[in-house]
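Everything below concerns the one structure shown next.
Read the figures in this text as sums done on the coordinates, not as results from a lab. This one's a predicted model, so the numbers in the text were calculated from it and none came from an experiment. Note that we place each Cβ from the backbone using ideal geometry, even for glycine, and neighbour counts take in every protein chain shown.
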Amino acid sequence: MSNQPAMWHRPAPADDRDGNATDAQGDGEGDDEGSLGGSRPPAYQSPGYQSAGYQTPGYQTSGHQTPGYQTPGYQTPAFPSPADRRSAPPAPAPAPAPAPEEHEPRAGLDTTAVLPYAGSRASTRTRWLRAWMMTAPVDVLALLTPLLVTQQYWRGTLAMTVLTVIVFASGGLYRARRHVSFLDELPSLCGRLLAAASAVAIVAAMRHESAEYVFSFTRGVAASAGLVILGRAVTREFAIVARKRRWVEHNTIIVGSGPTAVELARLLRRYPQYGLRFVGCVDTPDGPSALPLIGSLDDLDSLVRLRECDVVIVADASCSETSLMEILARPRTAECDLWAATPLWGSRSHGDHIGAVPVVSIGDITLSGPQSALKRASDIAFASVALLLLSPVLLVCAVATLIDGGPGIFFYQERIGRHGRPFNIIKFRSMRPVDEHESQTNWSIANDRRVGPIGRIMRRTSLDELPQLWNILRGDMSVVGPRPERPYFVEKFSAEYPQYAMRHRVPVGLTGLAQVSGLRGDTPISDRARFDNYYIENWSLWLDVKVVLRTVTEVFRAGGR
């Protein structure tokens, strides 16, 4: 037997086993796997073994070493001999550990400091790239591949290509995703390919009675569908590789500083395959913060510009929803891709996710990019056709206005358009105001006796607003949008209702969702603002069509004022 005294090992501290310490260089990774050799937080670097609130005499983690018995992280000395223990004074009783204060961060996730890190050189040149820019062209090429073999079915092949791209786009297969997985997309991909192919095959069978023709065409469709699936697998794998190698990554600011924000920051730092580079958190100055903040919420718009951010993730924001939406609607921030971390982590979310945190993509809240171009094109087409078809009605209204009130058939008034820009709206005159001040500040003339019988009919049928079709062609207005209001009332309502100014994110409209929902005349301004903002945040071309159809119904019902 060896003369070496018996040795024993005190277990590692609980906080160290959790592996939440940040490395000395400040890169934010830490010892996430809980290895014994990981770096210790500063609280464990003092001489002697210290637990919360007391120190055990004689037991030291540094100062001397016992040969042959070393464990990673600290050295355990031998016990004193029995004679030494009898002669040594009794050790003082350990003092009770103080209760932790409420404002102290909890051990574990809250104590992890995830710091921003530098971006790659390649990512600064690929900020404009999006996944659909590679996925959509590959899908189109795969669908058109049968034309390389034969041009006999070129009409059906083109129809299949157009229909499939439309079905994919409506199903969200070209939307940006944080968790990229080909297997997750495969069921939706196959189902939509089958639906598009079935529709085209049915039309081909109705146009051609030859079974051989239909069979040959269907075989080509099946081959192109298989190429689409193969191309989607390749593009998704390439996207993951490009993100992991940090060829493509987008600067990201997290709004909030609570547990969800901490978890998201750690996940983005550790897993580059989400394609997001964490550059910092913003929150209210007086809110509790578990992460170092780069600024307050009021600084978000300027920080997005300075840090060249493309993505904003909302998580644990310590402010009201109204204030947050007002900040997110600012010009620079509104250009970013907006994501929100859902608080219901166990809710079987069917959206996207980062790690185990469900996130949902918030739609374009400013109507910019392709949506804005599509809306503008539809406005020009609608206004041009309407002016052509309604020219006899416009002529009759002009003559009636001239008979009712004499010369001066048009009425010009300053209104506020998109981004607060003023413009002159054109209407058929239904009465003459006393002066310019009355024209700008009189809220309603529904019961004004100066309105003649012809003017009253034109107002009830909204025919007095038909000249605004010219405003639409000029780009001052849109067919569907928030009601254009006068500068006096815009300033007044913006001060009284926080959501009112957010209406001016889009062009004002000839008609709108609020108007066809009965919010005309003396109705609550807060309700109008709520309907207008709902329209902006849920815009689609079909929603515009529905509003126009309901407007026609209101005209025939003479529901105007």
Leu387 versus Glu326: modelled label distance in nm, points set 7 Å from Cα along the beta carbon direction: 3.9
Difference of contour (0.36 nm per residue) and Cα-Cα distance, Asn424 to Trp128: 102.9 nm
Set of lysines near Lys244 by C-alpha distance (under 18 Å), chain-local residues within fewer than 8 positions excluded: none
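Which chymotrypsin sites (Phe, Trp or Tyr not before Pro) from region 121-165 combine a DSSP loop assignment with at most 15 other Cβ atoms within 10 Å? Please report the intermediate quantities before stating the final value.
Values: sites: Trp128, Trp132, Tyr153, Trp154; in loops: Trp128, Tyr153.
Here the chymotrypsin sites (Phe, Trp or Tyr not before Pro) that fit, given the DSSP loop and packing criteria, are Trp128.
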Cβ-derived FRET efficiency at R0 25 Å, Leu473 paired with Arg557, nearest 0.05: 0.35
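Per residue, how much space in cubic angstrom lies within the convex hull of the C-alpha atoms of region 185-308? Write out the running numbers ahead of the final one.
Values: hull volume 19.3 nm³, N = 124.
Taking the convex hull of the Cα positions in region 185-308, it is 156 Å³ per residue.
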Partners for Lys375 among lysines (Cα-Cα distance below 24 Å; same-chain residues under 8 apart left out): Lys427, Lys546
